[in-house]
1. Out of the residues in region 261-296 meeting the condition of being hydroxyl-bearing (Ser, Thr, Tyr) and assigned to a loop (DSSP other than H, G, I, E, B), tell me which one is surrounded by the fewest Cβ atoms within 10 Å (Cβ to Cβ).
2. Just give me the residues in region 225-251 being buried (at least 19 other Cβ atoms within 10 Å of the Cβ), among the aliphatic types (A, V, I, L, M) and not in a strand (DSSP E or B), in sequence order.
3. How many residues does region 196-224 hold that are at pLDDT 85 or above and in a loop (DSSP other than H, G, I, E, B)?
4. Is one or more of the residues making up region 57-77 of a type in the set (Phe, Trp, Tyr), modelled with pLDDT of 90 or more and surrounded by 12 or more Cβ atoms within 10 Å (Cβ to Cβ)?
5. Name every residue in region 129-154 that is within 20 Å of Val51 (Cβ to Cβ), out of contact with any strand residue (DSSP E or B) (no Cβ under 6 Å at 6 or more places or on another chain) and at pLDDT 85 or above, in order of residue number.
6. If you take the residues of region 71-111 that are among the small types (Gly, Ala, Ser) and farther than 27 Å from Tyr196 by Cβ, which of them is farthest from the chain's Cα centre (by Cα)?
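The values are calculated or read from the model by the stated rules, or taken from the named source; none is laboratory data. Everything numeric here is computed off the predicted structure, so don't read it as measured data. Glycine gets a Cβ as well: all are built from the backbone with ideal geometry, and neighbour counts include every protein chain shown.
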Amino acid sequence: MIKSLAFLILLNYLFYLCDCGTLPTSQATEQTLITGLLSTYNKIIRPNTTVSVDITAALQQIVAIDEKQQTMTTSLFISQTWVDSRLSWTPSSNGNIDVVMLPVTSLWIPDTMILNSADSSGYLTVSTYSLASVESSGQVYMILPALTVKTRCNFNVQYFPFDKQVCSISLTSWSQGSSRLVYTENSTAVIDISGYTEHPLWKLNGTDMIVVRSEDRSPFEDSFVDVITIQLYLQRKPLYFIMNGIFACWILNCVTLLSYTLPFGSQIGLCMTCFMTYSVYSLNFSNLFPQQSQYLMMITLYFLLSICWTLISMIWFVICNHFISKAEMPKFLYIFAGLLQKKVFLFCFPPPKDDKKKDVIVNNDELKKSGDKESIQATIIQEKKCASCQKLLPSCFRRNAKVANIEKKEEPSPVKDDALTKTNNSYFSLLDKPEVIATDKTDEKPKPKCDFCDRCETCQADFDKDKAKGKNKKDIEARCSALNYFVFVILVLFMVISELSVWVLMANN
């Protein structure tokens, strides 16, 4: 009995003395107001016959731009304002409350969507936690949290990496025509960029807003739909691509020019290495952009020109090596190379020094040079025409030693056999002391093929051919060097003009 009495006293204290379960006066008034506003509210019905919606956006950041997929991802706040007379009240009779916060899911909201959205659903995302601010006049202000909006954008990358792009975000009502929903906008305040964070590869040059009227998608109404388009003017920051693409390709062009100073094998190997590097760079850049045939990208033209210079250099190296190995070249190239040697590249090809032939004078037991003027009239002059025989074929002299003595002014005097033998021995003692065979002048033998030996015609012809071929090969090498200088200068000239033209076109788009 006592326990039951104590329990009743405790309940009386909780309900009457502590005021448990009651709200403060201001909150109770707001609760009463919200309950009264939503008790008869139907969110399916429009507030008025024609609802005017004012829309604004605040751009926070350009998250990503994908040129290959043709998409732009941005982070922004989108707010909408309209008037709903069903949500109006008198502040004086409701505790001077001017603003209340109502859940968005309990109100009528315009079906605004992003028309060029690249997501599965273009509608603005509204969560169950989203709230709208409602004033006593019935004006509803709904701001959505930071949205990551992915929109389609048509990129023109013809002048990459100096290109400029215009990307847009189009907002409109999907099902409400102009007779039901009208968007009102302020072109100076439709987008706010005060809190914008700069993208590392793109510079925002400015924003703009345009309104485009399109046909209503409803088949039962003859009206139009206003499309609000927020335009972003973007410019690519080219430093990254210049250092990792254009400048690197320019270095490879210089390497191609340096290959003109290398031997043939190294030239071909260096050109092939440049080809492979160009292919890697071209493949990396092609993966950044979509496959299209509307225009030719300037960066692609730049790579193609660089590959062409390397290809031209490689072809010339092969042709030049063919000329040198065969020791012959076309007549017009031979003449042209000679003109280059004498007129253009004279400082690279000085004229050869003249090696004057020296006459050998045989006077009895002595050998004298033709410079001895006192003994010119009393000696026999012998011109050396085949000096290589003295070094290569000494055995030939031992077998067929013979000297043709010619008297310059008077008939030759008879010489005894022993005196002739003595003179021959004295002369050939200079040629490793060859055996001397005394011959009589009256012996009639065929004229020797060489001044120092009676070589056979076939042997002499081969020897003369090899000698002439070696001399001709040196001449061809010199003329190929002149042509090499000429091709180098022409290639540098065309390379500078073409690449500068491409750079100017890319920068002044």
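1. Ser293
2. Result: Ile246, single match.
3. Within region 196-224, residues that are at pLDDT 85 or above and in a loop (DSSP other than H, G, I, E, B) number 5.
4. There is no residue in region 57-77 that is of a type in the set (Phe, Trp, Tyr), modelled with pLDDT of 90 or more and surrounded by 12 or more Cβ atoms within 10 Å (Cβ to Cβ).
5. Ser136, Ser137
6. For region 71-111, the residue satisfying everything is Ser93.
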